[in-house]
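Below: one structure, written as structure tokens.
The values are calculated or read from the model by the stated rules, or taken from the named source; none is laboratory data. The structure displayed is predicted, hence computed values, not measured ones. Here the Cβ is made from the backbone with ideal geometry for all residues, glycine too, and neighbour counts use every protein chain on show.
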Amino acid sequence: MPRLKLYQEEFYPSPLQNTWKEFTENHAAVASLYCVLFFIILVIFGPLLAPFDPLQQHIDSLLVPPTWDSNGNILYLFGTDGLGRDMLSRIIYGCRMTFGISLLLVVLSLFIGVALGAIAGMSSGLRSSFLNHLLDSLMAIPTLLIAIIIIAILGTGLVNSMWAISLALIPQFVHQTRDLVRNKLKKEYVLAAQLDGASKSHIFFNSILPNMGEMLVVQATLAMSTAILDISALGFLNLGAQAPSPELGAMLSEGLDVAYLAPWNIALPGAAIFLMMVSINLVGDGLRSALRYRLLR
Amino acid sequence: MGKIFLRHLSLLVLTLSVLSLFSFSLAFLFPGDPLTNLTGVRAENQEAYSHLAASYHINGSLFSQYWHYLGQLFVGNWGISFSSGLPLAEEINRSLAASIELSAYALVFAFIIGLPLGFVAGLKHHKIIDYSLLSASVIGYSIPVFWLALILILIFSLQLGWFPLSGRIGLLFDIPYKSGFILLDILLSDLPNKSDAFYNALRHLVLPTLSIAIVTSTIVLRTSRRSVIEVMNSDYIQAAYARGLSSRQVLLKHGVKNALIPILPLLVMQFTTLLTNAMIVETIFSWPGIGNALIQAIYQRDFPAIRAGMLAVSVLVLTFIISMDLMIRLIDPIRRRPENATA
Amino acid sequence: MSAQLQAYPALSYSLLIMSLLFAVAGCGQSTPESAQPNGIIYCSEGNPTSFNPQLDTSGTTVDVSSHQIYDRLLDFNPLTGEILPGLASSWLTSKDGLTYTFQLRKDVEFHSTSYFTPTRQFTADDVLFSFDRWRLKNHPYHPVSGGQYPYISSLGLHHLISNIERVNGYRVEITLVQPDSSFLANLATDFAIILSAEYAQQLFQHNKQGLIDLHPIGTGPYKFDSFRQDRFIRLKQHPHYWRERSSTQQLIFDITPSSSLRLAKLMTGECDAIAYPAHSQLNIIRKRQDLILDEEPGLNVGFWAFNTTKPPFDNPQVRKALAMAVDKNALLEAIYYGSAIPATSIVPPTSWAFQPDLKSINYNPVAAARLLRENDIEEGFVMNIWAMPVERPYNPNAMKMAELIQRYLRDVGVRANIVSYEWVTFRARLNQGLHDSVLIGWSADNGDPDNFYRPLLTCEAIASGTNRARWCSKEYDDLISQALQYTSQAERAYFYNRANELVIEKMPLMPIAHAFRYQAYRENISGLQINPYGGIQFRDVSKR
């Protein structure tokens, strides 16, 4: 039985609730959010869901097509690759690697980037101007180039490519944080806090940081899609994850050799990356729209 | 005006020096002997080695080594490649020209497609055409560029046989190197079958340009759409309508200019993403650009080439961005106000 | 509403762009690469290290230079293996087998390029220069470009020849230290090329000796034009070639390390012929009407060599155990897709020295694990397997094979890491002996079994770099030398059989497979034949 509302109550949704309400109006964004949650589940529960070990080679079942093809086998849902490894397991582990590692890198870069950006934003004077312009210019260097240099120094491999990509993601966070901090510093409530005698760090943690939350989330989704793209690009170029690791980009590169015999070796890993990117981008878009319009309705 | 110019120039010089310092330090960071990494010359015996060391002031302080290195850069000695044994300066020149050509065409193409479509989407905000363009654009920039290139090759090159999939031009055409830009070089050369060569080069250009342009044009589309929406919602546009100007007049007189200006800085920032995509696409299509050269260099552990390539690309990117920034400041009336140090 | 006007320009825009694209695509429909100048494009698999096959045994160097840029004194008939006249129009052997006299051909012109114009024709001086360069340690050109002549030193030719004499301008006499029944065959291999003494002289005067191997001059059907590293090699027709040849004006080697990319280019017509089609793709080539696939049993062997100078691989029991841990037949199926035969020794069945009843070791992981433990190799032992990044006739995918071996070794408690570099870098590092084990092989250069036994496992071949196992056994060397003393095949086979048994007992390398050789090209190419004795030949190749 529905609860009776005896008294008229004014319901003022908080900004967060407003954002959520606005977000849910966008069906595509909600669907993508479910997709993202699905990937997060894969990251956590992947090993339980995958039918086979991704490194296990079944010599007697090389290049088996996916189940929906007439030559397919129900045992290998997505078919097998040139060494007889089950594609479904590899893709699950691959999504797990790509998504999970991107998440990790984004969080890491976020912390470091925000810290650096805060310092840059809170300080003023010639030194900060110098740092700011330098940072802006360094942001201009393509991420792939930074990755190549770091890999040239440290060697190939997944861990080294992770360092490279996080280094490439940090400048964005720094830039945005610094801009935001500068903007907020001019606001009256910060002025009020300064007049009250608050120290710089107090102002930052109490007045500015809470207001940065939304921007950071949006920036994080952008960084996430960049990270996914970069990890798989480096894997594809054989500079990141090495064979036999089931990283999606590396799988794509291995699949090139048998592209005509077994097109699913290219189609499926690529589709997985595509799906990840689309869902993250749509969630990010939805969030940005929601933040923009939450107060207008 | 001059002040702004000077500021940008000093910024350029500053960042370039930081970059050269970084490139110099890389010689020490890369595995192997620093002198060999610096020069690219593999000395055969102890005597040749000490001779080389003396000429590069290895025995002096780090600063004098750096200074000497800087001097060498300006003279045009960018080192010798480990794998080919040839001077890097010319290799880098050629590769850079090829990359610039590809990226420029892709950028232009992206603008030709993205800008008008973005305007249409912005003007028909929240209508069907807007939604369809928006969904198309999300798909466009979510596709990993290497997957897109592979699919384009599978369909247009292998299945249909319309376009070739590697190189800039059919290898049987021997085009002498003049500027490094293939279309220009064909026109400047005195070959008997120029139109055949030109047509051939065009066909080689299509798929790589498309791979990069599709991704970039979606970003152009979204940015211009956003800008148009904001401009059309602003007060002066409303005022123009209120004054009785027709839609077309409003658009042409006020809308376009004001919508274009905020787009430019955002798109300039996209240049780096374009370059990253271009580097990946170059590898897939065997386009002889700087991206392909850098990736081959790292496969072959050719450290002098990596350093020189990095320096060249960074110089290109920074020069482009800073000069675009300067140009924007000059033509944008809002930002032309005098700046103080911390603003 | 006038805002609707905006939609139409957008749509018509898109249509305009699309039609432009179709226009560019549409004309010249048959293949994307019609309307090109006269020439053949061959997709090769890697960079040559130089343009002189004397300096290098790699197929990439041999393919571009040996039969294109240069000629030899003698040649092989590709079908029968019979020795034919080349730059030597006839020859005589003395009764004691120690002296060979060669009559040289007249009216043979050298190449005329942008960097060299010959003033005289081919004479005995050129033969002398080409041989003395590697034969005499104090020859001024001996140390040029490294001073290593791997094929020649692996066969011991520089010790074999005691003297070469110029009898007159067109006659040369070569004297040997001892009779050697494989000598003439060795003169017909890819490596016994003839250089230009006049060019060498000119370079010497300008102190630019190294250029002789980088900007080559020879008498062959094509002359060198340009080389862009990792991209292409351009050769142009030599208009005054002494033999009959096709009218092809340009020959381009398009360097494409990836085999799937080579196949793709063959299908779009960007390449007219390709090197080493991947075994997994052979059926596709067979099915297509516009492509031709030639197939022939190969004179090659692919093997897994252990670095016998590095402990614990200096212990034959350890090597045997590792070999027992791997199932050869599985490798054949997964890597060669059935187009190879398992190898028990280093010579293939097509050689007369093949031993059909040879007993080799079998796949036995349990015994392998036990043998490893007995020899102090515990669980978790780490070793590396070096795998070639390029296809070779004897191993189309070393990386994949390494992954398979990795898995087999895991079953016996050994952890293997796979190491690879770009091909030229790979071979350079391999020469330094940095590897624990390597997946590599050997393709024969003539029909003589000595061409397998000597370069692969003799002590002398370590220095020349062809003995990847770095194995030195006096017993083996003696057997191989003794075999050359006899001319009857049955007598020689006796020694080779003993050598086979020694190799199985000591296991410096594990022979894996003898692969079929394939040639894939477009159907409008004629004159291309598989050369079982070495590098590819484009002399008679033309495009319709």
Filter the stretch A:47-71 down to residues that are within 14 Å of chain C (Cβ to nearest Cβ) and of a type in the set (D, E, K, R) and give me whichever is nearest to A:ALA267 (Cα to Cα). A:ASP53
Return the residues of the stretch A:133-172 that are among the polar types (S, T, N, Q), closer than 21 Å to B:SER323 by Cβ and more than 9 Å from every other protein chain (Cβ to nearest Cβ); say none if nothing qualifies. none
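Got a sec? Which of B:LEU252, B:LEU260, B:LEU152, B:LEU202 is free of Cβ contacts under 8 Å to residues at least 60 places away in the same chain, under 30 Å from A:TYR293 (Cα atoms) and within 29 Å of the chain's Cα centre (by Cα)? So that I can check it myself, show each step before the final result.
On the way: B:LEU252 fails: within 29 Å of the chain's Cα centre (by Cα); B:LEU152 fails: under 30 Å from A:TYR293 (Cα atoms); B:LEU202 fails: under 30 Å from A:TYR293 (Cα atoms).
Checking each option against the conditions leaves just B:LEU260.
Please enumerate the residues belonging to the stretch A:161-210 that are closer than 30 Å to A:GLY240 by Cα and free of Cβ contacts under 8 Å to residues at least 12 places away in the same chain. Break it down into steps so the answer makes sense when it comes.
Filtering the stretch A:161-210 down to residues closer than 30 Å to A:GLY240 by Cα leaves A:161-177.
Selection gives nothing.
Just to check your reading of the model, which residue among A:LEU261, A:LEU275 is more than 12 Å from chain B (Cβ to nearest Cβ), in contact (Cβ under 8 Å) with a residue 24 or more places away in the chain and either more than 30 Å from C:PRO389 (Cα to Cα) or surrounded by fewer than 23 Cβ atoms within 10 Å (Cβ to Cβ) (or both)? Spell out the reasoning first.
Numbers: A:LEU275 fails: more than 12 Å from chain B (Cβ to nearest Cβ).
Only one candidate passes the filter, namely A:LEU261.
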Run C:SER145 past the list (1) modelled with pLDDT of 90 or more; (2) under 25 Å from C:LEU235 (Cα atoms); (3) part of a helix (DSSP H, G or I) and report the number of the one that doesn't hold. (1)
With respect to B:LEU38, is the statement that it is within 23 Å of B:ARG301 (Cα to Cα), modelled with pLDDT under 80 and of a type outside the set (Phe, Trp, Tyr) true? yes
Just one of A:MET212, A:MET251 is more than 29 Å from A:PHE111 (Cα to Cα), buried (at least 18 other Cβ atoms within 10 Å of the Cβ) and away from chain B (no Cβ under 11 Å); which is it? A:MET251
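Residues of the stretch C:214-228 being within 12 Å of chain B (Cβ to nearest Cβ) and either out of contact with any Lys or Arg (no Cβ under 9 Å at 6 or more places or on another chain) or hydrophobic (A, V, I, L, M, F, W, C) (or both), which ones?
Let us first name the residues in the stretch C:214-228 that are within 12 Å of chain B (Cβ to nearest Cβ), namely C:214, C:225-228.
Within the stretch C:214-228, C:LEU214, C:PHE227 meet the criteria.
This table checks each residue for (1) touching a strand residue (DSSP E or B) at 6+ places or on another chain (Cβ under 6 Å); (2) at pLDDT 75 or above; (3) within 13 Å of another protein chain (Cβ to nearest Cβ); (4) surrounded by 17 or more Cβ atoms within 10 Å (Cβ to Cβ).
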residue	(1), (2), (3), (4)
B:LYS3	no, yes, no, no
B:LEU16	no, yes, yes, yes
B:LEU19	no, yes, yes, yes
B:SER23	no, yes, yes, yes
B:ASP33	no, yes, no, no
B:TYR56	no, no, no, yes
B:GLY60	no, no, no, no
Scan B:PHE181, B:PHE198, B:PHE173 and give me the residue that is surrounded by 22 or more Cβ atoms within 10 Å (Cβ to Cβ) and of a type in the set (Phe, Trp, Tyr). B:PHE173
Do the conditions hold for C:ASN384, that is, is it more than 28 Å from C:LEU263 (Cα to Cα) and in contact with a His (Cβ under 8 Å, 6 or more places away or on another chain)? yes
Applying the selection to the stretch B:158-194, what residues are within 7 Å of chain C (Cβ to nearest Cβ) and outside any loop (DSSP other than H, G, I, E, B)? B:LEU158
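Return a yes/no flag: does the stretch A:102-123 have any residue that is within 14 Å of chain B (Cβ to nearest Cβ), of a type outside the set (A, V, I, L, M, F, W, C) and closer than 24 Å to A:CYS35 by Cα.
yes
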Checking A:SER279, A:SER232, A:SER245 in turn, the sole residue that is more than 27 Å from A:ILE151 (Cα to Cα) and not β-branched (Val, Ile, Thr) turns out to be A:SER279
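Residue check: is A:MET215 in contact (Cβ under 8 Å) with a residue 60 or more places away in the chain and in a helix (DSSP H, G or I)? It would help to see each step written out before you state the result.
Details: in contact (Cβ under 8 Å) with a residue 60 or more places away in the chain: no; in a helix (DSSP H, G or I): yes.
In short, no.
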The conditions are (1) at pLDDT below 90; (2) in a helix (DSSP H, G or I); (3) within 13 Å of chain A (Cβ to nearest Cβ), and B:PHE146 fails exactly one of them. Which is it? (1)
Residue check for C:VAL108: β-branched (Val, Ile, Thr), over 16 Å from C:ASN52 (Cβ atoms) and surrounded by 18 or more Cβ atoms within 10 Å (Cβ to Cβ): yes
Among (1) buried (at least 19 other Cβ atoms within 10 Å of the Cβ); (2) facing chain A (nearest Cβ under 10 Å), the one test that B:ILE139 misses: (1)
What number of residues within the stretch C:428-456 satisfy the criterion of being within 14 Å of another protein chain (Cβ to nearest Cβ) and either more than 16 Å from C:PHE306 (Cα to Cα) or crowded, with 20+ Cβ neighbours inside 10 Å (or both)? 1
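If we only count strands (runs of 3 or more DSSP E) wholly inside the stretch C:287-367, which ones have 2 or more residues that are surrounded by fewer than 23 Cβ atoms within 10 Å (Cβ to Cβ) and in contact (Cβ under 8 Å) with a residue 24 or more places away in the chain? Give the derivation first.
Values: elements: C:291-297, C:300-306, C:340-342.
In the stretch C:287-367, C:291-297, C:340-342 are the strands (runs of 3 or more DSSP E) which contain 2 or more residues that are surrounded by fewer than 23 Cβ atoms within 10 Å (Cβ to Cβ) and in contact (Cβ under 8 Å) with a residue 24 or more places away in the chain.
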Please find, within the stretch C:245-261, the residue that is surrounded by the fewest Cβ atoms within 10 Å (Cβ to Cβ) out of those that are more than 10 Å from chain B (Cβ to nearest Cβ) and part of a helix (DSSP H, G or I). C:SER260
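Taking C:GLN355 as the residue in question, decide whether it is at pLDDT 90 or above and not aliphatic (A, V, I, L, M).
no
I want to confirm something. Restricting to the stretch B:195-210 and keeping residues that are among the hydrophobic types (A, V, I, L, M, F, W, C) and touching a Lys or Arg at 6+ places or on another chain (Cβ under 8 Å), which single residue is nearest to the other protein chains (Cβ to nearest Cβ)?
Narrowing the stretch B:195-210 to residues among the hydrophobic types (A, V, I, L, M, F, W, C): B:197-198, B:201-202, B:205-207, B:210.
The next check asks that each one be touching a Lys or Arg at 6+ places or on another chain (Cβ under 8 Å); those that pass are B:201, B:205.
Values: B:ALA201: 11, B:LEU205: 9 Å.
That would be B:LEU205.
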Just one of (1) at pLDDT 90 or above; (2) out of contact with any strand residue (DSSP E or B) (no Cβ under 9 Å at 6 or more places or on another chain); (3) not hydrophobic (A, V, I, L, M, F, W, C) trips up C:ARG470, so point out which. (2)
Taking only the stretch A:279-290 into account, find how many residues are surrounded by fewer than 20 Cβ atoms within 10 Å (Cβ to Cβ) and either closer than 27 Å to C:ILE418 by Cα or in contact with a helix residue (DSSP H, G or I) (Cβ under 6 Å, 6 or more places away or on another chain) (or both). 1
